[in-house]
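Some notes on the structure that comes next.
Please treat every number below as a calculation from the coordinates, not as lab data. Here the structure is a predicted model, which is why all the values come from computation and not from measurement. For neighbour counting, all protein chains shown are included, and Cβ atoms are generated from backbone atoms with ideal geometry for every residue, glycine included.
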Amino acid sequence: MRSMKIDIAGEPPVDIFQDRGRYIGFSVASLGLALCGVLLAVYAIFFNAAPSETLETAALVLFVGPGLLFVYFAEKLQAYKRLTPQQAKELAEWARNHAEIATYCALVAKAGRLPILAEYEACEARADELSRDTPEKQG
């Protein structure tokens, strides 16, 4: 799976949400397997199951492996979050100060959607770059 790369200088990706469904499916499946591991451990503890190394190993494997996968895919899903009101205000401020960000935001609006967190972070990085470059050119 590729990570989401946003290029503020270009046009917004048309297929930005193509991997989102896959990430949701993988995270739900891995969470389900991790919960099976927890349920297996609960069974072993509360229902007086005979001590079994196989049962303990199965519970641990079902919890740890899918748990790590869940964290990985849940982190990938963070890029698709909606912006908070504070983030939206900051993005609007950057758009007022930098034409490149304003153009990108206009293209996102033209596509009929709101900016997502990955785009906000890319705009933040670009605004920082532009702000660092501006004082050097003036001085």
Any residue at all in segment 51-73 that is surrounded by 12 or more Cβ atoms within 10 Å (Cβ to Cβ) and in contact with an Asp or Glu (Cβ under 9 Å, 6 or more places away or on another chain)? no
Is it true that some residue in segment 3-10 is part of a helix (DSSP H, G or I) and not aliphatic (A, V, I, L, M)? no
Could you please let me know if Ala74 is in contact with a helix residue (DSSP H, G or I) (Cβ under 8 Å, 6 or more places away or on another chain), within 30 Å of Gly10 (Cβ to Cβ) and free of Cβ contacts under 8 Å to residues at least 60 places away in the same chain? yes
Exactly one condition in (1) free of Cβ contacts under 8 Å to residues at least 12 places away in the same chain; (2) over 22 Å from Lys5 (Cα atoms); (3) among the small types (Gly, Ala, Ser) is not met by Ala58; state its number. (1)
Set Ala34, Ala49: member being of a type outside the set (Lys, Arg), over 30 Å from Thr103 (Cβ atoms) and assigned to a loop (DSSP other than H, G, I, E, B): Ala49
Any residue that is surrounded by 15 or more Cβ atoms within 10 Å (Cβ to Cβ) and free of Cβ contacts under 8 Å to residues at least 24 places away in the same chain - is there at least one of those in segment 77-93? no
Just wondering, is there one or more residues in segment 79-96 that are within 17 Å of Phe26 (Cβ to Cβ) and in a helix (DSSP H, G or I)? yes
Among the residues of segment 23-45, is any exposed (fewer than 11 other Cβ atoms within 10 Å of the Cβ), among the β-branched types (Val, Ile, Thr), under 30 Å from Glu121 (Cα atoms) and in contact (Cβ under 8 Å) with a residue 12 or more places away in the chain? no
